[in-house]
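K.L.:
Please read through the structure below; I'll follow up with questions.
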Amino acid sequence: MEYAEKDLSIYHKLEKLKGQWQFIKFINNPLDTKGIFKMTRSFQNSAPPEMIDRVLSPAVKNSGLPQDFEDHRWYHIPKMKDLAQYPEGTFGYEAAAFFKKNNLDENLFPKADFSSFPAYVTSRVYQSHDFWHILTGYSMELIDELALQAFAVGQYRQPLSLLIIAGGIIHILQKHPEKSAEIMNALFEGY
């Protein structure tokens, strides 16, 4: 038992280092979606279970997520070509137009992950992310992406969103310090 715990500790440390490395890469390229997936996975794999429970508690309070996970329920999103058939001004039509305008791959996000409850919640967040852009009116530009992350913090208290905001702020301060007031306004508005 002692040996297994020691191995697990090493595993968690390696995952934490991988997460930190992905965070540094994220600062340099904050719009790298696949890098965000890797960073998230590493930080989730390195976090103690009690921390994960604390993190997920606000997100699952009064939600159907625990039951959805238990039932292996996954909500499939219609294909964009089908959504484009809806009348202009409907959510389906606007979603298809947003995906087309931004050249988004509707298959980019990881599939449903039922390996653990935290992995399932994360895959549901990924699945809905681009649709939050449509509902909030935020574009795919970096400042709007960070405002959307602030909105996520306000909705379900997701600490990973704070990490993404922190990395985005560092990136902006390095590349465009003149936009500091703009980013703060966007974050306040999003939240």
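The values are calculated or read from the model by the stated rules, or taken from the named source; none is laboratory data. Only a predicted model underlies this, so the values are computations on that prediction, with no experimental measurement involved. All Cβ positions, even for glycine, are placed from backbone atoms using ideal geometry, and neighbour counts span all protein chains on display. Each accessible area value is taken on the protein alone, full model and side chains, heavy atoms only, with ligands, DNA and RNA left out. Shrake-Rupley method; radii C 1.70, N 1.55, O 1.52, S 1.80 Å.
K.L.:
Quick one: putting +1 on the C-beta of Lys and Arg, -1 on the C-beta of Asp and Glu, what dipole do you get for the chain around its Cα centre, in Debye to the nearest 20?
P.N.:
360
K.L.:
So which GluC sites (Glu not before Pro) in region 90-191 pass both tests, a DSSP loop state and at most 13 other Cβ atoms within 10 Å of the Cβ?
P.N.:
Those that pass, being in a loop and sparsely packed, are GLU141.
K.L.:
Determine the calculated [θ] at 222 nm for the chain from helices alone, applying -39500 (n - 2.57) to every DSSP H run no shorter than 4 residues and normalising by the residue count; nearest 500 deg cm²/dmol.
P.N.:
Mean residue ellipticity, 222 nm, calculated: -23000 deg cm²/dmol.
K.L.:
Still on this structure: Calculate what fraction, in whole %, of the accessible area of region 1-84 sits on carbon and sulfur atoms when a 1.4 Å probe is rolled over the protein chains.
P.N.:
Accessible surface attributable to carbon and sulfur in region 1-84 totals 58 percent.
K.L.:
Could you do me a favour and compute the accessible area per residue for the chain, 1.4 Å probe, result in Å²?
P.N.:
Here the per-residue accessible area is 62 Å².
K.L.:
Still on this structure, please answer the following. Name the shape class, rounded, prolate or oblate, that the alpha-carbon gyration tensor gives for region 102-165, where a ≥ b ≥ c are the square roots of its eigenvalues, rounded holds for a/c under 1.5, and otherwise prolate holds if a/b is larger than b/c and oblate otherwise.
P.N.:
Because a/c hits 1.5 or more and a/b fails to exceed b/c, region 102-165 counts as oblate.
K.L.:
Of TYR11, GLN149, ILE169, whose Cα points farthest to the positive end of the dipole of the chain (charges on the beta-carbon: +1 Lys, Arg; -1 Asp, Glu; origin at the Cα centre)?
P.N.:
Looking along the dipole axis, the top candidate is TYR11.
K.L.:
Could you tell me how many cubic angstrom of Cα convex hull volume the chain has per residue?
P.N.:
Here the figure is 134 Å³ per residue.
K.L.:
Which whole-Hz couplings ³J(HN,Hα) result when phi for each residue of region 67-81 is put into the Karplus expression 6.51 cos²θ - 1.76 cosθ + 1.60, θ = phi - 60°, listed in order with x for Gly and Pro?
P.N.:
Result, rounded to whole Hz: 5, 4, 5, 4, 7, 6, 8, 9, 8, 7, 8, x, 5, 4, 5.
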